[in-house]
Structures are given as structure tokens and as C-alpha cells.
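Nothing in this text is a laboratory measurement; each read-out follows from the coordinates by a stated rule. Note that the coordinates shown come from a computational prediction; the quantities given were computed from them, not determined experimentally. Here the Cβ positions follow ideal geometry from the backbone for every residue, glycine too, while neighbour counts run over all protein chains shown.
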Amino acid sequence: MVDRVLIELMTIAIDTLQVEILEREKSEQILRSIVEGTVSVTGVDFFRSLVRSLSQALGVRYAFISECMDAPPTRVRSFAFWEGNDFGEEFEYNLHGTPCERIVDTNSYQCFPTQLQTLFPEDRDLVDMLAQSYAGIPLLTSTGHLLGHLAVLDDKSMESNECNQAILEIFAARAAAEMERLQMEKALARLAEIGELAATIVHEVRNPLTTIMMGLNAFKKLELTDRFQEYLNLSLDEADRLERLLSQILLYSRPQTLDRSEIELNSFITETLNILQTSPVAAGKNLNFVANIAPVNISVDRDKLKQVLINLITNACEAVSIDEPISISLQHGENRRICISIHNGGTPIPADILPQLTKPFFTTKASGTGLGLAIVKRIVEAHDGELGIESGEEIGSIVTVQLPLVLF
């Protein structure tokens, strides 16, 4: 009796082990199919290879990947569609009344293993496809944003189990990563296009502006009445402001390519302050630099970092009255970073304005272009750094620039 029980238990254990081995082999085969089918392709070819491999992995007739066309999503279009023996034509459709709607609404895996047409009578495409079962999963960005979905259908019933769900999750993660990469690629191309357009516009405006400024400067030689002299001065001031705006638009629109070299930051800031103290904006202002005891070496674009410091210290000078101090200091931060801090005790910046300061064309100055801090932010981030601004009644305003130190 005991021997029979032991034999039965051993048989069960062997059967279980065989199932586990088969499942493991199946999983390894699926992973190999993903790698082999997609390692050397991108874009449309990638998605096509993925749906074909998915169909084979699950043994189903149909597989497709979709992208949301609006927000909140009501309509999707396919990236790739496998329909049994070949790739089908791409398509788009409304989500209402479809099993895909359930995925998008719940943002989760959904499976309808049988009676699909009965469950979704409004979806006439299911009839045309002879579809009886369905499983699908959302495609999400690394931050959880919905991109689209991945789905499979079959003309027979489909198993609803953890293994099939895990397979869909593996394929969905790979598809979402490629879709996100393509969106980033398109965004970068669009930014480059916008940059080229901005440069063209600046060029087209600057040429007639130069002619206008020549004419206005010629009028300065004439003896004008006070009224017309005031008009002329106003026109020249506005022309100068427009010229500055055009220059800054050009700076903002161009990619931040860096010509890096190693500098010692204490001496670099001292040199920059010596230049600034001769400018009218710094006249009568106390610029106090607290240098770091030890040398601080960083790898930066000298000209661009100088532009950052001049812009930020100029802003601080404009915020304080004569004889009020402005403190510039260095502190070591976390993760081998150095923090340049610029502190003034002027009127605090309102809390609702703080988040807007680095946005393009936002300014609180009557003659400002609204691009100074936006350009500063881009330069700092191009150096793998971080720009911070805080302000309040007790602390005044503190602007910080964190940059990585040179690693030895």
C-alpha cells in the first residue's frame, strides 16, 4: 500500500517536473524568437516581426499592435497586423463596442477566451474575422502613459492562463519601448525642423531690421524738436530690443553643442566677476564671492558657462538696490557635483511665477525678451547639470547651478 502511494506521488512529481520543463523551454523559445526576430530591425519592420512572432508563440491566427490617435483615446490605428499566413493591410477604427476598448478603459490585461462575438455584438469586424477569442494588453511608456495596445485573436477558443498573459507582457514591454523610441526620434526631428525654421525667420527679419536701424541712426544727425527726438529714441530702443530678441531666439533654437575643456571654477568665477563689475548693471552693487578652499575642476564649454554666470548675476544685480550685497558661493553636493549658488536679498519672486521663469518668452521685465533663463536652463542641462530657483521673504532669492565634477 505504502509502495503504491509512493509510486503515485513520484509519478505526479515527474509529470509536474516535465510540465515545468516544457513551460521553461517554451518561455526560452519565446524569448529567443523576440531577440532573433527584432534584434536587427527597427520601426515598421520591428513591429511586423513582433506580431508574427507573437502569433507563433501563442498559436493564434491574428496579432496586431495599435497606437492611440487621440486623448483621451477613442480611436486607434495599427502599426502591424498579422492575419494567419501573411501581413494584413494597416487599419484604424473606433474603440467603442470593441474588446480593445476594455483594455484602454481599464489600462490592464484583458482576455475573452470564448464567445467573443456574443460579448461584443457591435464589433462587426469580429464576424468578418471569424474571431471567437481575444487577449490584449496596454502599451505603456516608462512613466505609465498609454501609447496603444497589443492584441491577439483566434478563430477558436483560447486558453486564459498566467503563461499566455506573461508572454503578452513580454512582447508588450518590447513593443512599448520601440514605440517610445520612435516618438522621441520624431520629436527630436521636429525640434531640429523648428530650429531651422527659427533661424530662417531670424535671418529674414534681421535684414530689413538692419536697414531700418541705419535709417534711424541717420536721423540722429538731424536737429529735431524734443517731441520728434523722443520718438526717435523710442524707435531706436525698440529696434535694439528686437535685435536682442532675434539673437536670443537664434541661440535658443540651435542645438546646445558643447566645446568642453577642463577649468578651475574658483578662478573662472573670479575672472567673470571682474568683467561684470565694469558693466553699468553692476555699478554700486556688492558682488561677494566665497571661493572654495580647494581647487574645483569641471569640464565645461567656457563661453557657455560664462554666458550662464553673466545672465544669472545680472538678474541678481537688477533685483537689488545700490550697496545691497549679492553672494556667489560654491558648495559640494551629492554624487560628485558642485553647486554654484547666487543669492540676493531683493524683493521675493511670487510663488506662482517661479515655475514660469524658465519657460520661453515669459518675462517680468518691461524690456525683457523672456529667453534669458530659458537659454540658461538649456545650457546647464546640456552639461548634465541642474538649474534651481527658490525665493521667499526670509531668504530672498537663490539660484543654483549644479554641475558634475571632473572624475580622476
- Message: Can you order the peptides 275-281, 309-315 by their average number of other Cβ atoms within 10 Å per residue, highest first?
- Response: 309-315, 275-281
- In vacuum, with every alpha carbon of segment 201-265 counted as one equal point scatterer, what does the Debye formula give for log10 I(q)/I(0) at q = 0.17, 0.21, 0.26, 0.29 Å⁻¹? Two decimals, please. -0.70, -0.88, -1.09, -1.20
- Message: With 10 angstrom as the radius, rank Ser55, Ser261, Ser341 by how many other C-beta atoms surround their C-beta, starting from the fewest.
- Response: Ser261, Ser341, Ser55
- Equivalent ellipsoid semi-axes - Cα gyration tensor, segment 215-325, angstrom: 36, 21, 10
- Message: Based on alpha-carbon centroids, what's the gap between segment 132-183 and segment 229-267 in Å, whole number please?
- Response: 49
- Task: Tell me the GluC sites (Glu not before Pro) within segment 92-127 that lie in a loop according to DSSP and have at most 16 other beta-carbon atoms within 10 Å.
- Result: Glu122
- Compute the separation of the alpha-carbon centres of segment 116-131 and segment 53-94 and state it in Å as a whole number. 16
- Note on the structure: Candidate cut points under trypsin sites (Lys or Arg not before Pro) in segment 298-384, DSSP loop plus at most 12 other Cβ atoms within 10 Å of their own Cβ, are Arg336, Lys365
- Query: Mind listing P(r) for segment 260-404? All alpha-carbon pairs, 10 Å bins, whole percents.
  - Reply: 11, 43, 38, 8, 0
- Note on the structure: Under 5 Å from the placed amide H of Gly396, counting only residues 5+ away or on other chains, we find none
- Excluding same-chain residues fewer than 8 positions from Lys220, which aspartates and glutamates have a Cα within less than 14 Å of its Cα? Glu230, Asp237
